[in-house]
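In what follows, a structure is listed as structure tokens, so that the remarks can point back to it.
The values are calculated or read from the model by the stated rules, or taken from the named source; none is laboratory data. Since we're looking at a predicted model, the values are computed, not measured. Note: ideal-geometry Cβ built from the backbone for every residue, glycine included; neighbour counts use all protein chains shown. Surface areas here come from the heavy atoms of the whole protein model, side chains and all, with no ligands, DNA or RNA. Shrake-Rupley method; radii C 1.70, N 1.55, O 1.52, S 1.80 Å.
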Amino acid sequence: MSTVDSGVWAAPGRVNLIGEHTDYCDGFVLPFALPHRTEVIAARLDRPEWIVSSSLTGETVTFDLSEPVTGWAAYVAGIVWALRDAGYDVPGARLDISSGVPGGAGLSSSAALECAVLSALVDLGGLDLPVAQRPKLAQRAENAYVGVPCGIMDQSASTLCRAGHALFLDCRSMAVEQIPLDLVGHGLEILVIDSRAPHQLVDGEYAARRAACEKAAEILNLPALRDATLADLSRLDDPLLIRRARHVVTENDRVLATIELLRDGRIREIGPLLTASHASMRDDFEITVPEVDTAVEAAIAAGAYGARMTGGGFGGCVLALVDTDRSDDVAAAVAEAFRANGFTSPSFFSATPAPGATRLS
Ligand code: GLA
């Protein structure tokens with residue numbers, strides 16, 4: 001592999017069309033990449049040192065991994081660490097980072113940062129790390145170095161997505177199918193509503209959901225909840241574990257049903273599956289907050305085909321499938337519902353499926 005001295009790399013954030021909290025259960029997800037991305041201007045250094053600056057915070061952090069790195073730079077240090085740990089000779093580098101992915105909105109700004117840095121370091125060092133293996137390495141950086149027990153969806157989306165497609169990923173086999181998602185051609189839009197609800201207790205609650213799913217699988221004597229059926233749930237006693245497991249089992253089914261409809265070009269018909277996914281996250285997985293529930297209800301009342309919270313939960317964004325010519329009305333109705341409830345004003349954008357991580361120059 002040949003090395004390069006410098007360049008610019010980018011990796012996107014994502015929304016997840018459907019398949020929430022299924023990735024760490026070996027299940028199915030269907031994200032697509034956003035046009036919003038994190039960019040890294042990178043140059044190789046001739047010593048094992050990383051000088052990382054962020055246009056967001058205005059800070060510059062220098063590290064050589066002899067001491068733990070914390071804060072936002074931990075996501076960068078985690079990538080260096082994970083590459084080294086996998087046996088790669090990682091080049092030192094200067095990395096100047098800027099990002100158009102809103103942070104704390106459940107749009108995978110962390111994965112965008114990890115995957116942009118990973119792409120840069122792989123090319124700077126001429127490292128032999130096939131694209132298909134990069135999501136796992138970036139996930140390991142986040143799990144083992146940063147300490148966030150995330151699944152594989154976000155890093156996969158940021159790396160593997162293609163423009164105009166959603167990424168159908170089997171999180172057990174890592175088999176990928178690019179599903180065409182021609183929203184514009186169907187007169188449709190995915191309206192993303194940032195609820196701007198403050199994320200609270202996110203890390204602990206995420207870890208608790210993951211632990212509950214693992215516990216349920218263990219009691220059922222299955223490798224993961226991916227292998228459970230609704231009938232299996234009668235073998236669980238704890239009502240909380242039943243609810244958590246029921247979300248995962250039904251959500252995996254909804255992903256597969258969504259794929260079938262999309263393969264047939266019946267995009268509007270996925271609406272009820274999106275809304276059912278939201279109800280399952282609200283009632284069984286208990287990861288929604290009043291702001292996102294309000295956004296979903298108002299969007300549907302204003303004519304959306306379906307709507308759901310996207311991402312890990314406890315705030316963040318809702319996506320609504322709408323006719324393009326209804327989009328403004330749906331946004332206005334959601335904004336009005338937020339006003340009526342005394343919530344902070346939401347923000348909106350239309351999401352079109354964009355490409356995954358890439359070298360820009
Ligand atoms: C976060 C995690 C993902 C996934 C989602 C929920 O985004 O990083 O791995 O578990 O939550 O679907």
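Quick look at the values:
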{"item": "Residues within the stretch 50-70 that are closer than 21 Å to D85 by Cα and not aliphatic (A, V, I, L, M), tallied", "result": "8"}
{"item": "Matching residues in the stretch 15-38 - criterion: being over 15 Å from S119 (Cβ atoms) and in contact with a Leu (Cβ under 6 Å, 6 or more places away or on another chain)", "result": "V15, L17, I18, G19, C25, V29, L30, P31"}
{"item": "Subset of the stretch 24-40 (residues that are buried (at least 24 other Cβ atoms within 10 Å of the Cβ) and among the charged types (D, E, K, R))", "result": "R37"}
{"item": "Any hit, the stretch 218-231, residues being modelled with pLDDT of 95 or more, of a type outside the set (A, V, I, L, M, F, W, C), farther than 16 Å from G27 by Cα and not in a helix (DSSP H, G or I)", "result": "yes"}
{"item": "Members of the stretch 105-118 that are of a type in the set (G, A, S) and open to solvent by less than 10 Å² (accessible area, probe 1.4 Å)", "result": "A105, A111, A112, A116"}
{"item": "The stretch 261-288, residues that are of a type outside the set (G, A, S), out of contact with any helix residue (DSSP H, G or I) (no Cβ under 6 Å at 6 or more places or on another chain) and open to solvent by less than 30 Å² (accessible area, probe 1.4 Å)", "result": "L262, L274, M281"}
{"item": "Verdict on G204 being under 30 Å from Y305 (Cβ atoms), of a type outside the set (D, E, K, R) and open to solvent by 10 Å² or more (accessible area, probe 1.4 Å)", "result": "no"}
{"item": "Residue pairs meeting the criteria (Cβ under 6 Å; at least 6 apart or on separate chains; first among the hydroxyl-bearing types (S, T, Y), in the stretch 149-162; second within 9 Å of the ligand (Cβ to nearest atom) and open to solvent by less than 10 Å² (accessible area, probe 1.4 Å))", "result": "S158/A111"}
{"item": "Subset of the stretch 180-201 (residues that are assigned to a loop (DSSP other than H, G, I, E, B) and open to solvent by 20 Å² or more (accessible area, probe 1.4 Å))", "result": "D182, G187, R196, P198, H199, Q200, L201"}
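Quick grid of which residues meet (1) touching a Ser or Thr at 6+ places or on another chain (Cβ under 7 Å); (2) outside the structural domain of S119 (by TED's automatic domain parsing); (3) open to solvent by less than 10 Å² (accessible area, probe 1.4 Å):
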residue	(1), (2), (3)
S54	no, no, no
T60	yes, no, no
D64	no, no, no
P68	no, no, no
Y75	yes, no, no
W81	no, no, no
G92	no, no, yes
L95	no, no, yes
